[in-house]
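Before any comments, here is the structure.
The values are calculated or read from the model by the stated rules, or taken from the named source; none is laboratory data. Everything numeric in this text was worked out from a predicted model, so none of it was measured. Counting neighbours? That spans all protein chains shown, and the Cβs are built from the backbone with ideal geometry, glycine included.
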Amino acid sequence: MKGVRDLALIELQHLTKTFRGKTQTVEALRDINLSINQGEIYGIIGMSGAGKSTLVRCINFLERPTEGKVVIDGRDLSALAPRELRKLRQQVAMIFQHFNLLQQRDVRGNIAFAMEIAGLRRADIDKRIDELLEIVGLTERQHNYPSQLSGGQQQRVAIARALSTNPKIILCDEATSALDPQTTASILSLLREINRKMGITVVIITHEMSVVESICTHVAIIDEGRLAECGTVESVFSQPQTDAARKLIFRGAGKTENLMGKRMVRIVFDGETFNEPIIAQLVMQCHVPVNIFYADTRDVGGKVFGQMILQLPEDRLQQDKVIYFLKNRNLKLEEVDGHAL
């Protein structure tokens, strides 16, 4: 990785954004404090309406915060003159859900657009376009128009355009939401490669936990305009501290069925314990029945994690026996309702 890690590139300090209309006031963001370090792939996730898209627009001052500061590379954006802000925005590129390409321009023309605005010489623009086409794998499509490209190819053009000004930061606002799973995986792989080779900090806004798990190093969870939780993806996945995090991680588990007792526990398997027959050993050694309510596996930052939600018997003594057994296996363990064990 090029660049220095653990150096705050983006700092949000007590960030608040309020929209005031004629009949109502909406507080979209409330006292957000967040640091994103150079070289990270940082996910910002939340349900629809949580405020995450407003947050990303505040990072580059497309929306000016009502209160608080946005500091990028040591510079307070609210203190910059309009010309200085425009220059800084060249270092903060943005990729959108629906690509935002110019339909009347071919691939080369779309990639050239930001460089033309920046006043680069034509020869330099053409040379840079050739480099970017190679990076995003579209050399053979360089003279096609957006209508002749698939969704994934259009997003690759948007990524090339974002890279054209050599940014330090790329903001991705639901950049894969309009794509199928296979294309999403290829776009995320491209962003990961760009981050690894160029050291560009990538901020991904999404409502999909699978996107965060597959590519991000860190994650912030936004809930009703507030920062609910943040940390490494591995730590948040393994031991979520808030209801907002649990809703995202447990999505797909369905509703509780009273097949046994009402008490349920979640266990997390990392790459080292994943292949151990823990549940079989539990049933055989403890002689206690448990119901596997939910189970899945996740690729979290290239490391396989599994999670399982067990519904325990009604008998309290049997419940304690199960928990004692699991704790002695050094598994990460918590109750689904959030009470730490």
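For the stretch 58-100, a tally of residues being in contact (Cβ under 8 Å) with a residue 60 or more places away in the chain and on the phi < 0 side of the Ramachandran plot returns 14. Of all residues in the stretch 296-332, those satisfying the criterion of being surrounded by 14 or more Cβ atoms within 10 Å (Cβ to Cβ), among the hydrophobic types (A, V, I, L, M, F, W, C) and modelled with pLDDT of 80 or more are Met308, Ile309, Leu310, Leu312, Val322, Ile323, Phe325, Leu326. In the stretch 155-182, the residue that is nearest to Asn195 (Cα to Cα) out of those that are among the hydroxyl-bearing types (Ser, Thr, Tyr) and surrounded by fewer than 21 Cβ atoms within 10 Å (Cβ to Cβ) is Thr165. If you go through the stretch 138-154 and keep only what is touching a residue at least 40 places away in the same chain (Cβ under 8 Å) and either hydroxyl-bearing (Ser, Thr, Tyr) or under 20 Å from Ile194 (Cα atoms) (or both), you end up with Tyr145, Ser147, Gly151, Gln154. For the stretch 201-243, taking the residues that are in a loop (DSSP other than H, G, I, E, B), modelled with pLDDT of 85 or more and touching a strand residue (DSSP E or B) at 6+ places or on another chain (Cβ under 6 Å), the one that is farthest from Ser177 (Cα to Cα) is identified as Thr242. If the condition is being assigned to a strand (DSSP E or B) and surrounded by 14 or more Cβ atoms within 10 Å (Cβ to Cβ), then the stretch 285-295 contributes Asn291, Phe293, Tyr294, Ala295.
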